[in-house]
Every structure is written in structure tokens, then in C-alpha cells.
Amino acid sequence: MAKIPKASEMAATLSHIPPQTGWMDTPTEFKQGRWCYGAKAKNMEVLGLPNPRDWSPTDADWKLPSNWKEIILEGLRERIGRFRSLRLFMDICVRCGACADKCHFFIGSGDPKNMPVLRAELLRSVYRKEFTTAGKILGKLAGGRELTEEVFKEWFYYFFQCTECRRCSVFCPYGIDTAEITIIARELLNLVGCNIDWIAGPVANCYQNGNHLGIQPHAFKDMIEFFVDEIEALNGIRIEPTFNRKGAEILFITPSGDVFADPGTYTLMGYLMLFHEIGLDYTWSTYASEGGNFGFFTSHEMMKRLNAKMYAEAKRLGVKWILGGECGHMWRVVNQYMDTMNGPADFLEEPVSPITGTKFDSAKGTKMLHLVEFTADLIRNGKLKLDPSRNDHLNVTFHDSCNPARGMGLFEEPRYVIQNVCNNFHEMPPNTIREQTFCCGSGSGLNTDEFLDMRMRGGLPRANAVKHVHDMFGVNTLSTICAIDRAVLPPLMDYWVPGVGVAGVHEMVGNALVMEGETERTTDMRGEPLAGMEDSEDEDI
Amino acid sequence: MGINFSLMAVLTLVLVAFAGVKFMGLQMFFGVVAPYAAMALFFTGVIWRVLKWAESPVPFRIPTTAGQQKSLPWIKSNGLDNPSTKAGVIGRMALEILLFRSLFRNTKLEYREGPRIAYEWEKWLWLASLLFHYSFLVVFVRHLRFFTEPIPFFVQGLETVDSLFQVGLPTLYLSDLAFIAAVTYLFIRRIIIPQVKYISLPADYFPLMLIFTIGATGIIMRYVTKVDVISIKQLTMGLVTFHPVIPQGIGELFFVHVFLVSILFAYFPFSKLMHAPGVFLSPTRNMPNDSRIVRHVNPWNYPVPVHTYAEYEDHFRDKMIEAGLPVEKE
């Protein structure tokens, strides 16, 4: 783990004033805690990616192919022809600066190359030099810049300092989306084998084993069954989930992070309890055991390669439709890419809730429904018996995850669910939620420990908004519907706002859900005493 | 560097036109040839650039969703910031193009000790941009009086409204004031906000200075030197009727003004000024968020290598059987 300064020190030394030297003349220094390890050869070989080798971004020699520059420029030319977004975004920026202070990484680091406009200029300068007449003739005067090895390394550094959160694109008067630019820049980096291992590793795992964490089928089943035991210990109810079961009505897919580590595991227990209580005819899959898609952080092609499993498995098992769990970028992929890439899903049926009969028209193309939409519908139709006082020990706020927010627009559904399962709920300030929500600082495959300095910086705006409601209303729980959030927000809270925990929305659903035949609940899913039950806990001991 | 270079460039252009007319008698060049060449470059350039953009497909439906999606019927969706229909997209685009809605969201970061981060009210950029574009539009429309005979009613109407606050003669146009104020603001913010200065290129200063100088020469002609409008109209009508004439008695300043306008038109297609047509094509704004409802087709969608279930089962069959997981082949 990278050594990082204390929170107070980091905050005190933060300045947003750019250096004296112009950005083209300021060399990029790879600072400790702000870059990720290079992709290992073994992971790239699994995926058949070019130039597999072991390397480190701090090496002087990155072992690039001798014609790397041609490959990159040819790759750029090809992508300009394939993506109107890229060609347009290269041409129309007026550098008004509206995006500059909207980026969490700029706010937290003060590094001017983290301003979205400048991040894009890193690529745009090369585009001008190589693909525009003015740039070819006037060079630097026209904002053009030669693609050198230094420029290439700078790309690696800064395009892996962007979480593709799209916050800047909300404010851009032309809708220029840095996520789009970063996605394509990373594709270019990948053409010569310059990915980071925290992405390449999970992608290789997911490709071969079905999920990012590389959990093999038998282990996947074991792990879920472990939570079945936990639930039984909690309320005496024995749940019997099924795996790879043909003929189930619904295939359920959620990020593997929820199977692996808390607090995501409590969210997973919430899923199990909810499905059991409503008697849902569903199955897990060990083959499509990943909702997330780190391929999205590699290239469009890799996103498609990983995403293909969802429809393929739904078809093999013969289910009617797919239900997806709480995950961030998974939902951008499902909403904006899946049907286009791997559809049409004409072998599935339009999602209908078997419990309420609600037809989900808004998912009739992809045939994939968000669990929070599904649960909101259950609550609305009075199908769940809920005791929100079981969450009275929690004082909750909600973090909109970037992708469901700005790549989908899922705002009201989670709030509706939370407000039905919790009594204490407070919103963070309006500039930090909904479409203006701040990233956790670790999205798009940057949730690795060697990147911790930048993660804490990038998470500062989010944490600062949490601190506001923590101080003002005593908020002690940051709820979210994203697995990366659940993994990375706890250390972020410990760093900036100690005393605030992180919970998935369905963890709180699981707490509040009154199940038929349950024994008296004295604790929440974490074994923490419920409000008013502190004494009974003591008696047990 | 950018500021000095741009300033020098604009000054050079001014001097070239001035000297050319004054000492070399190049009225024909600056009053006729340059405007025609500029217009030709402008139209072919803009069309070429837009066709280039249109040539690249939009493979994915990637609107930036800035409001509640359309999902359950009892949840109110935000049809403008997250449109799911064509009508919604038209509304979103109209707000974007006519009122600069996204820019209206702008805030200013205030980083204070603690740390305490605040996002302060900042509508000046939005206001100045709106003022700049609309006053430019009004000035442009008013100039139609030089290119039409008889002068259309809306041009005269606009002049009446524009001169509502009459102070002395000649009529003081509000749009002139607004135009100069807005351009000046946009320039000043570019040099005094450190981050904006840091990102600015010569290509950002040059058009601002050029446009400022166009405005300034126009205003001087109108309010100070009081040019011979009758002769000028003869020239401009000659241009639009393709019977160019150079009447006597038009001062150098006019040719400077016309030359700078010609430069602006000629420069337009090769510069960031293309944001004007570009915004119409922006895929994060001009598409409905309906890709879960109807399939968006990518014209270059190609097959990719996947790890099939059969390969997966082959790899794990024994472990799966042992764990009691169903398999296709025993």
C-alpha cells in the first residue's frame, strides 16, 4: 500500500493554482500513490492482448513495440472514423473552463492536468498535430504537439487518473464527455500493451472464470452458502438458492465484489432474504457471475467480450429475463451498450414482476431490470412487510454512483426504497448529489491500493459532502448502489470522515424486511444491536 | 505567448488592410475579393467539416443523463434533462442551444481551510456568453440593412427595440454596448482566472481579439468618424447582387472592418468557432435515453472472441460435479 500523508496534511498542502510553466512544457512526474502497476504478461496472454510483458510505469523503458507510434496514430485515425463523439470532441472545445473545477481529481489534487479540458487536450494536441492542417503547419501555435514517448507516458498517467464519471459532461455547454475521451485513450494505450494490472487482472479472471475475483464455480457456490448460514443464524430462516438452474424464470447477476468482501456481503444477504421472502423463481450463475465489467475500462471490444456472457447464459438457462444487482458501471454498460453490442435479446421476454404483475416497459428492449426498480415496485404495491425501525441505529445519506446517475438517471428509485426501509434519511448538498454527484474517487478500475493517494484526493469532494451531513445531522451511514463504492468508500470515510460506515441499499432492505417465520431480530446483518436492543445483546452474553 | 501572438496577428491584419487601401489603392481587393473569398471558404469549409463529422457514425447511445430516467409510471421522469422521446430531445437541444442550459449549471469551487469545500454561485460566464451570442446576432441582423433593398420590416423593428434607450444622435444601440461588454468580460476572465489562463491557446485569444476589433471599428465608424452610409450601401449591395462596385469616398476604416469580418468568416471552419454547428451533433445531448427500450444499432459492430459456457464447463467440469452444480455434459 502506498504511503500517504495524513488527511489534515493533504488538505493543508492542496493548492489549485497552476504552475508557472505552460502545460506542454511541464514534464509529467510519476508521483507516489498516483499511478497503478502495469498489466502483467500472464493476464494479457489470457486475453490475447498485444505486447504482453512484465513492466512498470516507473521503468525508463516501457518495452513498447518499435513501431508504437504508428500503431497509436493508426489507432487514433481508425477511432476518429468510428466515433463521432471523438471526432467532434476533438474539434469543438472552446476551453471556456466550465469543466475545470468540476472534476473530483482536480479538486483533490490541484494538478491542472486533471482539469477535464486539459486531460482532453493531452490527446487533442496530438490530434491537431497529426490530423489537422493548421496543426501540421503551425504546430504549437495551433495547439499541436508531437506524439513522443514523454507524451505517451503522460497519457498513461492521466488517463488512468480519470474515473470516467461524466461529471464534467453535465456542465459542458457542448456535452463534451471526458469519459468518452478517456475510454478511447485507454483503448489506444492498450494497443501497445499499456493497461494497468488492476484492470487486466480482473478482466482476465472474468473472461476465464466468470468473475473479476476469479472465484471458481464450486467456490462461488460455497461462498453464497456461507451467507445462507449467516442468515439462518440471524433470523432462523434457511434459504436455498439455486445455481446454473435451467428453467428458472429469472437470472440474477450482481458484481462478484458482493460475494467476496464486506460490506458488500451484507448487501448480498439482503438480496437472498428478499428473493426468499417473495418466493422468486430465480437462479444464480457461476458462469455469468459478474455484473461489473472491467472490460469497459479496457476497450469497447473488451467490454463486449465480457458482457456477452449475460445474454449467452440467459439463453442457455432458458430464463425469461435478467435481474441485475446493485452495481455502478455495470448499469452504464447494460443501459447504454449491452443491447447494441450483444443484442437483440429476442429469446427473452419483456420483464414482468411475478409478484406484482408490473410490466417494466422501460426495459423491454434489453430485458434486464435493475433490482432497485424491482424492489421499489414491490414496496409500492405493498408486497413487503417492512419494519424501518430496525434501521433506527442508522442515520443515512445516499451517494449517487456516477454511472447509474449520469449514464442512466436512476435517482428516485433508490431514494424511494431507502425512505421505506429507514426512518432517518438526510440528503447531502444539492451540488454533490444526483446528476451532480461526486465520484468515490476509485471508479473505472482505479480502486487499487498503490493508487491510494489519488483515491483519497479524488474522494475528497464526496467525503466533504458526507462530513457536512455528518456534522449537521449526525449521519453515520453512507448508502450506495455500487459494489466499487462499497469497497472503496469505507477507507475514504476512515480517512476524511471517521465514524461513517457504508451500506448497500439492499442491506438496509434486509434489515427492515420482516420475514415469515423469522425468530426475533436483535441485531442487524452485521451483528450490531438494533436500536433499543442494546441490552438484550448484553443479556445474551 | 498566446496573448501577444494574437494581438500581433490582429494588429497586422488591421495594418495590412489600412495600408493596402491608403497607400496601394487596393479597395477592390479588400472590399470585394476578400469578402467573396471568405464567404466561399466559410460555406465550403463549414459544410466540409459537418460532413466529416457526419461521416463518423454514432455507435452507442450515450446521452449524459442529467435527470430522472423514465422507469416506473408513478415516478416522475425528467423529460428534458433525461429525455426518452424525440420531443424531449428537441426540448433539451433547444434549451441547450438557445439558453446554454448546461453552462447555466456552472458553479465555482471555493476551497477553504478545514477542508471545507463549497460550490458558489457563478452565472457570469453563462450571462456573458448569452449576451455575447445574442448581441452578436442582433448586430448581424441589423447589418442586413446593408444587404437588402427594401430593408425588411424585422430589421427596422429590431433597430427600434435595440435603440430603446435613446441618448443623443446617432442612435445608441444596446447591442453594441452589450457586445463590447461581453467580449471584454470573456477576454478578462480568460486572463485573470488562473486555471482558464493556463488552458488558453492562441486559438482562444485570437478570435476574441478579432471580434473585439471588428466591433470596435464598427462602433468608431458609426459613432465617431460617421462614415458615408450611402456609398457603403452601394458597395454592399454590389456584393450581394454580384455587380461589385467601389464607390468613391469610403474611408480606410471601413475596409479594415470588412477585411476583419472576412478573416473571421474564413477562419471559422478551421477553428473552435465550429462549436456552433458542432453542438447540434453532440451525442451526449442529442439522443434520447431509450437504449433499454429500443435497440440502437452500431454499423460497425463486429464479432469478438468470447469464452463460451462450453469452454468454461470443460475447464471446471470435475469441480462443478463435485460441488453438485448442474453440468451439460457429465
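The values are calculated or read from the model by the stated rules, or taken from the named source; none is laboratory data. All figures in this text were calculated on a predicted structure; none of them were measured in a lab. Here Cβ is always computed from backbone atoms with ideal geometry, including for glycine, and neighbour counts include all displayed protein chains. Ligands, DNA and RNA are excluded from the accessible area calculation, which covers all protein heavy atoms including side chains. Shrake-Rupley method; radii C 1.70, N 1.55, O 1.52, S 1.80 Å.
What the table shows:
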| read-out | value |
| --- | --- |
| Amide H contacts of residue A:503 (H built 1.01 Å from N, under 5 Å, at least 5 apart or other chain) | A:478, A:479, A:480 |
| Cα-based equivalent ellipsoid, region A:435-485: semi-axes from gyration tensor eigenvalues, Å | 21, 12, 10 |
| Geometric extent, Cα atoms of region B:1-72 - Rg, Dmax (angstrom) | 22.5, 75 |
| Label-to-label distance, nm, for residues given as residue A:58 and residue A:423 (7 Å Cα→Cβ offset) | 5.3 |
| Anchor residue B:22: lysines whose Cα lies under 21 Å away (excluding residues fewer than 8 positions away in-chain) | B:226, B:233 |
| Rounded, prolate or oblate (a/c below 1.5 giving rounded, otherwise prolate when a/b exceeds b/c) for region B:164-242 by Cα gyration tensor | oblate |
| Peptide B:45-52 - average C-beta neighbours from other chains (10 Å radius) | 1 |
| Descending Cα extents along the principal axes, region A:464-533, whole Å | 43, 27, 16 |
| Packing rank of A:320-327, B:114-121, A:41-48, where each peptide gets the mean count of other beta carbons within 10 Å, highest leading | A:320-327, A:41-48, B:114-121 |
| Cα-based Kirkwood hydrodynamic radius, region A:95-212, one decimal, Å | 15.4 |
| Long-range HN-HN contacts of residue A:196 with modeled amide H, under 5 Å | A:39 |
| Cα convex hull of region A:316-458 - mean projected area over all directions, nm² | 10.9 |
| Region B:41-161: radius of gyration over Cα atoms, expressed as a fraction of 2.2 N^0.38 Å | 1.54 |
| Normalised alpha carbon radius of gyration of region A:1-76 [divisor 2.2 N^0.38 Å] | 1.54 |
| Structure-based [θ]222 nm, chain A - -39500 (n - 2.57) summed over DSSP H runs of at least 4, per residue, nearest 500 | -13500 deg cm²/dmol |
| FRET efficiency, residue B:229 to residue B:74 (Cβ-Cβ, R0 56 Å, nearest 0.05) | 0.30 |
| Cβ crowding within 10 Å averaged over residues, with B:25-31, A:12-18 ranked highest first | B:25-31, A:12-18 |
| Shielding by partners - mean other protein chain Cβ count within 10 Å, residues of B:115-127 | 4 |
| With Cα atoms, 0 to 90° folded angle of helix A:483-496 axis to chain A main axis | 80 |
| Where the Cα pairs of region A:290-394 fall when distances are cut into 5 Å bins, in % | 2, 12, 21, 20, 17, 11, 8, 6, 3, 0 |
| Cα gyration tensor of chain B - equivalent ellipsoid semi-axes, whole Å, descending | 53, 25, 22 |
| Kyte-Doolittle at least 0.0, axis length at least 15 Å by Cα - qualifying DSSP helices, chain B | B:2-24, B:34-55, B:86-99, B:124-142, B:174-192, B:202-219, B:229-240, B:252-267 |
| Kirkwood-based shape ratio for region A:24-195, expressed as Rg/Rh from alpha carbons | 0.95 |
| Cα-based equivalent ellipsoid, region B:171-330: semi-axes from gyration tensor eigenvalues, Å | 65, 21, 14 |
| For region A:159-213: span of alpha carbons on each principal axis (Å, largest first) | 43, 24, 15 |
| Angle in degrees between helix A:68-82 and the longest Cα principal axis of chain A, rounded to the nearest 10 | 60 |
| Positions from region A:266-304 whose accessible area shrinks by 30 Å² or more when the full protein complex is built, not the chain alone, probe 1.4 Å | A:287, A:301, A:304 |
| Lysine pair count for region A:306-431 [Cα-Cα under 24 Å; pairs on different chains or 8 or more apart] | 15 |
| q = 0.14, 0.24 Å⁻¹: log10 I(q)/I(0) that the Debye formula gives for region A:368-437, counting C-alpha atoms only | -0.47, -1.11 |
| Estimated D of region A:202-512 in µm² per second, where Rh is the Kirkwood radius over Cα pairs and Stokes-Einstein applies at 25 °C, 0.890 mPa s | 127 |
| Disulfide-incompatible cysteines by the Cβ rule (no partner under 4.7 Å) in chain A | A:36, A:93, A:96, A:103, A:162, A:172, A:194, A:206, A:327, A:422, A:440, A:482 |
| Rounded percent of accessible protein surface that carbon and sulfur make up, region A:24-195, 1.4 Å probe | 50 |
| Average partner coverage of B:186-197, which counts Cβ from other chains inside 10 Å | 3 |
| Dimensions in Å of the protein assembly as shown - Rg and Dmax from alpha carbons | 30.2, 107 |
| Shape parameters for region A:227-319, alpha-carbon atoms, Rg then Dmax in Å | 14.5, 46 |
| Exposure of residue B:252 as accessible area (Å², to 10), given a probe of 1.4 Å and all protein chains | 50 |
| Average projection area in nm² (convex hull over Cα atoms of region A:391-541, one quarter of hull surface) | 10.0 |
| Sparsely packed trypsin sites (Lys or Arg not before Pro) within region B:37-98, loop by DSSP, other Cβ within 10 Å at most 14 | B:76 |
